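**Q** Structure incoming, see below.
Derivation of every value follows stated rules applied to the coordinates shown; laboratory data play no part. Predicted, not measured: the structure shown is a model, and the values here were computed from it. Here Cβ is always computed from backbone atoms with ideal geometry, including for glycine, and neighbour counts include all displayed protein chains.
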Amino acid sequence: MNVSNSLSTAVLALVLTYMAVILIFVFRGAKKTKSINDYALGNFLFSPTAVGLSLAASMTSAATFIINPGFVAYYGLSGVIAMAVVLPIAALGSLIILTKGFRKAGQTVKALTMAQWIGNMYKSKKFSLFFAFLSLLLITFIVLICVGLTKVLSASLQVDEIWMSLLLIGFIFGYMMFGGANSMVYTNMVQAILMVTVAIILLGSGFEHFSSGVYGFLDQLTAIDPLLGDWKNEQSPLFRDFFEIVICQLIVGVAIVCQPHIITKSLLLKSESHVNKFLWVAVLTEILFFSVVLVGLYVRILNPELMDEGKVIPVDNVVTWYVVNHFPVYMGLILILGLISAGLSTLEGLIQSLSITITSDIVHPLAGKLVNMDKNGIFINKIVIVLLAVVSFILTKDQLLNPNLSVGIFAQNGVYAYFSAAFFPVLYGTFRKETPVFAAFGASLTAVAVHFSVYYIPLTSYMQGPVKNPGIAAALAIVSSVVIGNLLILVDKKLKANQQQP
């Protein structure tokens with residue numbers, strides 16, 4: 001990409017300033033972080049607006065702002081329907097329903113992490129340990145964000161992608177060793193405000209394409225390729241028919257909030273009266289953020305062949321190309337800052353929740369009395385973050401060099417498997433307190449087995465191409481887990497009934 005020296009210099013100055021601001025928040029939060037509990041949930045009194053913006057920033061990441069518009073640029077309106085209409089309806093509806101129940105139950109069982117919540121709710125340390133290990137799949141999401149941020153920064157600063165990813169991971173994981181929740185809520189709030197600004201700019205940047213109305217806009221897409229303006233795209237690996245675009249997205253959307261950096265956010269609220277305001281702020285902000293994928297259609301109209309200097313623009317580079325080539329320097333700076341914020345907001349939440357899970361739910365129970373968590377918990381958590389940084393860099397480097405269409409596919413495969421397994425125990429633990437542990441455990445094991453079997457064997461006609469849709473595997477896994485879980489509940493009732501008979 002052709003990037004002017006003036007833009008590169010300005011971006012460098014902006015990034016250095018941004019880093020300084022983040023470090024100020026981290027330093028402020030670190031002074032208040034005295035224990036692993038403080039790192040996980042904080043000890044400040046957070047406003048519902050701050051936590052709501054923090055949730056919106058965490059829930060919407062580099063995937064929504066940087067990666068997903070690339071899929072829309074390639075596959076058209078079908079991607080918009082799936083990712084900006086169907087998925088948000090399911091995800092935000094599920095968020096509203098699950099948050100209230102999860103928060104009440106979370107306060108009762110005194111959980112710091114998703115694994116603890118599940119273990120305490122079902123009174124099973126083995127179930128908790130299972131979910132703690134399963135949460136390692138969330139590293140794939142960390143990799144997605146690292147790749148997205150690397151693409152934006154390496155292009156705008158004209159730095160090699162591998163070196164950029166190394167510097168990026170070193171800085172982010174480095175400062176996340178300290179402040180935790182006390183600093184993250186405030187950095188997330190600032191990032192969310194920047195993301196709102198960038199979302200408005202990006203969505204407004206294609207206003208001229210609607211000069212002839214919505215139908216005129218769709219006509220421009222159809223003129224490039226009839227499939228771009230259709231509600232489905234049979235030539236895509238992700239949006240081929242009603243099942244992939246609607247059914248799978250609804251199922252996945254309902255379960256997607258069962259990720260620790262999303263659903264545990266409500267535990268930061270100190271008062272029950274704050275929950276509704278928190279949800280209003282989060283949901284309205286999220287609706288705006290999900291709409292950003294429309295930018296992919298703007299890019300396709302501006303660049304019908306998706307070419308840059310004689311080469312096809314990769315899916316993961318579409319938004320970066322648009323920002324660098326379509327906007328003046330001052331506007332490009334704002335957008336780059338917002339895109340960085342989109343990545344950092346979720347990345348911080350993932351690093352925090354995953355490191356706490358490994359420290360509290362894997363290291364502590366396995367080490368037993370050898371580790372004094374009250375005394376050494378923070379130090380152990382820092383070691384865990386260092387190890388996560390090393391693994392993340394290795395996987396990020398591989399995805400930068402050898403992506404299978406997009407890092408989004410890699411991340412979805414891991415993350416979808418996790419929340420497919422989490423859906424049944426979270427839902428039934430929240431709303432059906434008498435659910436037996438073996439039913440919930442069986443449902444989770446079923447979800448993991450079905451997801452990876454469908455994806456890797458592969459099963460069904462949808463999964464036969466070189467690029468497989470993790471949404472298919474996740475949808476089938478979630479449905480299977482719910483069926484098996486309920487069958488096991490019936491078995492439990494039958495066994496109890498037989499035991500009660502004389």
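**Q** May I ask which residue of Leu445, Val11, Asn303 lies farthest towards the positive end of the charge dipole of the chain, with charges of +1 (Lys, Arg) and -1 (Asp, Glu) on Cβ and the Cα centre as origin?
**A** The residue sitting farthest along the positive end of the dipole is Leu445.
**Q** In degrees from 0 to 90, rounded to the nearest 10, what is the angle of the helix 181-204 Cα long axis to the longest principal axis of the chain?
**A** Helix 181-204 sits roughly 40 degrees off the main axis of the chain.
**Q** How much length is gained if the chain between Ile200 and Met331 is pulled fully straight, taking 0.36 nm per residue apart and subtracting their Cα-Cα distance, in nm to one decimal?
**A** Details: separation 131, 0.36 × 131 = 47.16 nm, distance 1.22 nm.
Going from the current span to full extension adds 45.9 nm.
**Q** Of the options Leu490, Met164, Phe419, report the single residue whose Cα projects farthest towards the positive end of the charge dipole of the chain (beta-carbon charges: Lys, Arg +1; Asp, Glu -1).
**A** The residue sitting most towards the positive pole is Leu490.
**Q** Kindly express, to the nearest 10 degrees and within the range 0 to 90, the angle between helix 5-30's C-alpha long axis and the longest C-alpha principal axis of the chain.
**A** Orientation of helix 5-30: about 20 degrees from the principal axis.
**Q** I've got another one for you. Can you tell me the FRET efficiency between Leu12 and Leu487 if r is taken as the Cβ-Cβ distance and R0 is 56 Å, rounded to the nearest 0.05? Write out the running numbers ahead of the final one.
**A** Working: r = 59 Å, r/R0 = 1.05.
Efficiency computed from Cβ-Cβ geometry: 0.45.
**Q** Cα axis of helix 470-500 to longest principal axis of the chain: angle in degrees, 0 to 90, nearest 10?
**A** Roughly 10 degrees between the two axes.
**Q** Normalised by the residues of the chain, what does the relative contact order come to in percent, with Cα pairs under 8 Å and at least six apart?
**A** Here the relative contact order equals 30 percent.
**Q** Ranked highest first by average number of other Cβ atoms within 10 Å, how do 278-285, 473-480 line up? Working shown, then result.
**A** Working: 278-285: 20.1, 473-480: 25.2.
Going by the mean number of other Cβ atoms within 10 Å, highest first, we get 473-480, 278-285.
**Q** Can you give the calculated 222 nm mean residue ellipticity of the chain, where each DSSP H run of n ≥ 4 adds -39,500 (n - 2.57) and the sum is split over every residue, rounded to the nearest 500 deg cm²/dmol?
**A** Computed ellipticity for the chain at 222 nm equals -23000 deg cm²/dmol.
**Q** May I pose another question? What's the longest piece of the chain with no exposed trypsin sites (Lys or Arg not before Pro), counting a site as exposed if DSSP puts it in a loop and it has at most 16 other beta carbons within 10 Å? Working shown, then result.
**A** Numbers: sites that count: Lys31, Lys32, Lys34, Lys110, Lys123, Lys270, Arg432, Lys433.
Within the chain, the longest run free of exposed trypsin sites (Lys or Arg not before Pro) spans 271-431.
**Q** With a Cα-only, solvent-free Debye model of the chain, what are the log10 I(q)/I(0) values at q = 0.09, 0.10, 0.13 Å⁻¹?
**A** -0.60, -0.74, -1.27
**Q** Could you size up the charge dipole of region 257-311 around its Cα centre, putting +1 on the beta carbon of Lys and Arg and -1 on that of Asp and Glu, and report it in debye to the nearest 20? Mind showing how you got there, number by number?
**A** On the way: 5 positive and 5 negative charges, 59 e Å.
For region 257-311, the charge dipole is close to 280 debye.
**Q** Taking the Cα centre of the chain as origin, sum charge times position over the Cβ atoms of Lys and Arg (+1) and Asp and Glu (-1), and report the length of that vector in debye to the nearest 20. Don't jump to the answer; show the numbers that get you there.
**A** Working: 29 positive and 22 negative charges, 487 e Å.
Computed about the Cα centre, the dipole is about 2340 debye.
**Q** Let me ask something else about it. What GluC sites (Glu not before Pro) does region 275-338 have in DSSP loop regions with at most 13 other beta carbons within 10 Å? Before the final figure, lay out the partial values.
**A** Working: sites: Glu286, Glu305, Glu309; in loops: Glu305, Glu309.
Qualifying residues, ordered by number: Glu305, Glu309.
**Q** List the pairs from Lys126/Lys493; Lys382/Lys433; Lys126/Lys382; Lys277/Lys375; Lys126/Lys468 whose alpha-carbon separation is above 28 Å, in the order I gave them.
**A** Those over the limit are Lys382/Lys433; Lys277/Lys375; Lys126/Lys468.
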